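Each remark here refers to the structure printed beneath this line.
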Amino acid sequence: MINYWWVTRPKRRLNTIPDVLSTFSEISLNEEWEGQRESHLTLEEELEKAGIKRVGERRDQKGGGGRTYKAWVASLGLIFTQESTGQIKLTLAGEAIMNGDSPVKVLKNQIIKYQFPSSYSLGRGVDVSPRFKIRPFLFLLRLLMDDRIEVLSQEEIAKIIITEAENESNSCFEYIVKRILDYRSLGDAILAKDFAERYKSSKGDANYDNPYGHLQDIANTIINWLEYTQLVKREEGTVAILKDKIDEVKQILHSPMPFIDRPEEQEYFQRKYGVDPKHTKDTRNLSKSRSITPRIIAENKVKQLFIIESLKRPITKIDSELIATLAEKSGIDERTVEEILLEFYPRGSIGAFMTEYFEMAFRGRDDATDFEKSTVQIFSDLFNYEAFHVGPMGLTPDVLILSDEDGYQAILDTKAYHSYSISNDHHNRMVYNYIGGLSKYSNSRLPLAFFSYISGGFGANIDSQINRIYKETDIRGSAMTVSNMIHLIENYSEKSGTHRSLREIFSVNRQILKSDVDTKL
């Protein structure tokens with residue numbers, strides 16, 4: 001029996017879940033799973049071909065790797081086994097990801113609802129202790145919102161929270177707060193003398209001889225899952241709620257979903273757990289089985305390849321280039337590929353790529369160029385500007401955009417930082433090189449409408465720093481967090497945004513708020 005919180009982790013991050021789910025669906029959807037070793041091995045091979053799973057010798061040829069990935073998507077409520085047939089089915093959440101919905105929105109919903117006990121935690125080979133009746137990620141958000149805590153380290157999660165937080169009662173919460181504060185003062189001295197024995201890992205675990213190693217691994221994975229929700233970010237060894245997500249977290253904590261009952265009934269539990277954000281219950285009648293036809297096989301293959309492609313770039317429409325790419329990779333004729341894409345993804349898919357775009361905004365210089373190029377692509381493909389990557393020219397902003405529609409040009413500077421502030425050097429570059437030297441990198445005669453910084457987050461003085469540039473140049477400006485940038489992207493088409501409304505949003509002379517997007521778009 002596992003005597004601490006547990007999450008399975010074939011991969012420590014959730015970025016590949018859409019890819020894994022699509023691969024799994026192509027091979028095993030509507031098929032029996034239990035005892036089907038050939039299917040398990042085929043899944044393992046396909047995951048290796050896709051570069052998701054490391055290629056191994058698989059000496060036992062028992063398909064254990066495939067079963068591990070199956071358990072991963074099941075633990076997140078994306079699939080279930082239909083009791084009447086033994087066949088694998090997608091939950092509504094799994095269907096939503098396969099249909100091109102934003103995986104962050106879907107999986108954030110699943111992570112927040114993740115609970116002990118669950119069908120997964122009670123399952124064979126897992127068996128988490130029944131003393132835990134808790135939604136672990138909701139509990140962590142509650143701790144991070146508490147003024148006494150605010151940030152959590154991986155060690156605090158590993159040694160205190162995942163071993164001692166049993167339920168969501170106020171008494172348990174206050175007990176954990178006190179334990180964390182004591183740990184910050186006294187360190188390991190507060191741990192039980194039999195800590196290593198009480199919370200040891202199973203034999204065969206790589207950290208079996210390390211009393212804390214396996215707990216640290218679990219805590220690290222838990223932080224990675226919580227980061228995927230885009231509500232928090234890890235920095236300098238601790239995790240904290242992003243400033244522009246505080247209101248959203250408050251709303252989540254104020255109206256939590258009720259506990260899901262009957263975890264011992266796998267199909268019942270998984271279908272309730274796997275309800276996506278667009279639905280309130282799963283009312284599908286899945287009793288009628290579909291015959292596996294060549295068309296269904298083609299649909300599953302094209303869906304799989306489309307999802308893989310959508311993780312690499314924002315897909316705004318079904319065009320000839322995308323059709324040709326997927327036809328070549330699948331071996332299916334272009335006409336059939338086009339029909340399938342237009343049936344299932346008529347408006348393309350941008351949500352999957354937004355996961356990667358969000359991560360780019362926090363990676364520092366390592367992915368700075370990718371962040372710049374992706375921003376160019378977003379303003380070109382999604383917002384229909386003429387957009388140019390001018391950063392490599394030197395002493396220039398990263399991105400220049402031109403709007404013939406509304407008659408202006410604008411400059412964007414991307415900063416892949418957790419908390420960006422405009423230093424004196426960067427101030428002078430914007431004033432004298434970027435704005436003052438516009439004619440050196442732009443051939444357009446359109447007036448310069450605004451400048452803007454796009455970053456993971458900003459320092460406390462960003463508003464006054466933006467205003468200082470405005471006063472010296474008479475060009476309006478702004479700062480946009482990547483979270484609010486994604487909010488803008490997701491709402492632009494739906495609200496019939498225009499270049500004029502974008503100019504209003506990016507010209508507020510301060511940091512752009514979510515409310516600015518909602519009211520000005």
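Right, Ile318: buried (at least 17 other Cβ atoms within 10 Å of the Cβ) and in a helix (DSSP H, G or I) or not? When the stated conditions are applied, Ile318 does not pass them. Going through (1) among the polar types (S, T, N, Q); (2) part of a loop (DSSP other than H, G, I, E, B); (3) within 24 Å of the chain's Cα centre (by Cα) one by one, Thr85 falls short only on (3). If you take the residues of the range 190-214 that are in a helix (DSSP H, G or I) and at pLDDT below 95, which of them is surrounded by the most Cβ atoms within 10 Å (Cβ to Cβ)? Ranking the candidates gives His214 first. The residue that is farthest from the chain's Cα centre (by Cα), among those in the range 215-242 that are hydrophobic (A, V, I, L, M, F, W, C) and in a loop (DSSP other than H, G, I, E, B), is Leu242. For Pro277, indicate whether it is under 17 Å from the mean Cα position of the chain (by Cα), open to solvent by 70 Å² or more (accessible area, probe 1.4 Å) and over 20 Å from Asp147 (Cα atoms). When the stated conditions are applied, Pro277 passes them.
For the range 482-521, a residue qualifies if it is in contact with a His (Cβ under 9 Å, 6 or more places away or on another chain) and not basic (Lys, Arg), and the qualifying residues are Val517, Asp518. Looking only at residues of the range 405-421 that are of a type in the set (Ser, Thr, Tyr) and modelled with pLDDT of 95 or more, we find that the one that is surrounded by the most Cβ atoms within 10 Å (Cβ to Cβ) is Thr414. Of the residues making up the range 165-189, those that are over 22 Å from Lys113 (Cβ atoms) and either touching a residue at least 40 places away in the same chain (Cβ under 8 Å) or buried (at least 17 other Cβ atoms within 10 Å of the Cβ) (or both) are Arg179, Ile180, Tyr183. If the condition is being over 10 Å from Tyr345 (Cβ atoms) and of a type in the set (D, E, K, R), then the range 302-324 contributes Glu309, Lys312, Arg313, Asp319, Glu321. Listed by first and then second residue, the pairs linking a residue in the range 271-297 that is of a type in the set (Lys, Arg) to a residue that is modelled with pLDDT of 90 or more and open to solvent by less than 100 Å² (accessible area, probe 1.4 Å), with Cβ atoms under 7 Å apart and 6 or more places separating them unless they lie on different chains, are Arg271/Phe80; Arg271/Thr91; Arg271/Asp282; Lys272/Ile260; Lys278/Ala96; Lys281/Val275. Being basic (Lys, Arg), part of a loop (DSSP other than H, G, I, E, B), within 23 Å of the chain's Cα centre (by Cα) and within 30 Å of Met480 (Cβ to Cβ) is a description that does not apply to Lys245. Name, by its number, the condition in (1) part of a loop (DSSP other than H, G, I, E, B); (2) without any contact (Cβ under 8 Å) to a residue 12 or more places away in the chain that does not hold for Ser121. Failed condition: (2). Counted as qualifying within the range 326-398 are the helices (runs of 4 or more DSSP H) with 1 or more residues that are under 21 Å from the mean Cα position of the chain (by Cα), namely 351-360, 368-377. A count restricted to the range 333-363 and to residues that are open to solvent by 20 Å² or more (accessible area, probe 1.4 Å) and over 20 Å from Thr229 (Cβ atoms) stands at 11.
For the range 385-404, the candidate set comprises residues that are in contact with a His (Cβ under 8 Å, 6 or more places away or on another chain) and either within 19 Å of Phe458 (Cβ to Cβ) or modelled with pLDDT under 95 (or both); within that set, the residue that is least open to solvent (accessible area, probe 1.4 Å) is Val399. Has the range 302-314 got at least one residue that is surrounded by 13 or more Cβ atoms within 10 Å (Cβ to Cβ), assigned to a helix (DSSP H, G or I), touching a Ser or Thr at 6+ places or on another chain (Cβ under 8 Å) and of a type in the set (Lys, Arg)? Yes; the residues of the range 302-314 include at least one that is surrounded by 13 or more Cβ atoms within 10 Å (Cβ to Cβ), assigned to a helix (DSSP H, G or I), touching a Ser or Thr at 6+ places or on another chain (Cβ under 8 Å) and of a type in the set (Lys, Arg).
Using the structure shown, decide if Ser380 is under 21 Å from Thr369 (Cα atoms), in contact with a Ser or Thr (Cβ under 9 Å, 6 or more places away or on another chain), open to solvent by 10 Å² or more (accessible area, probe 1.4 Å) and among the hydroxyl-bearing types (Ser, Thr, Tyr). In short, no. The number of residues in the range 422-436 that are open to solvent by 10 Å² or more (accessible area, probe 1.4 Å) and in contact with a strand residue (DSSP E or B) (Cβ under 7 Å, 6 or more places away or on another chain) comes to 2.
Only one of the numbered conditions (1) open to solvent by 30 Å² or more (accessible area, probe 1.4 Å); (2) over 23 Å from Lys373 (Cβ atoms) is not met by Ser507, and that is (1). Among the residues of this structure, Asp146 does not count as one that is surrounded by fewer than 19 Cβ atoms within 10 Å (Cβ to Cβ), more than 28 Å from the chain's Cα centre (by Cα) and either over 30 Å from Asn491 (Cβ atoms) or hydrophobic (A, V, I, L, M, F, W, C) (or both). Take residues that are of a type outside the set (Lys, Arg) and within 25 Å of Asp381 (Cα to Cα) and tell me which of the helices (runs of 4 or more DSSP H) falling wholly in the range 420-496 contain 2 or more. Once the helices (runs of 4 or more DSSP H) in the range 420-496 are filtered for at least 2 residues that are of a type outside the set (Lys, Arg) and within 25 Å of Asp381 (Cα to Cα), what remains is 482-492. Scanning the range 449-477 for residues that are open to solvent by 30 Å² or more (accessible area, probe 1.4 Å) and closer than 19 Å to Asp406 by Cα yields a single hit, Arg476.
The values are calculated or read from the model by the stated rules, or taken from the named source; none is laboratory data. Bear in mind that the values here come from a model prediction, so they are computed numbers and not experimental data. For neighbour counting, all protein chains shown are included, and Cβ atoms are generated from backbone atoms with ideal geometry for every residue, glycine included. Areas reflect the complete protein model, heavy atoms only, side chains present, ligands, DNA and RNA absent. Shrake-Rupley method; radii C 1.70, N 1.55, O 1.52, S 1.80 Å.
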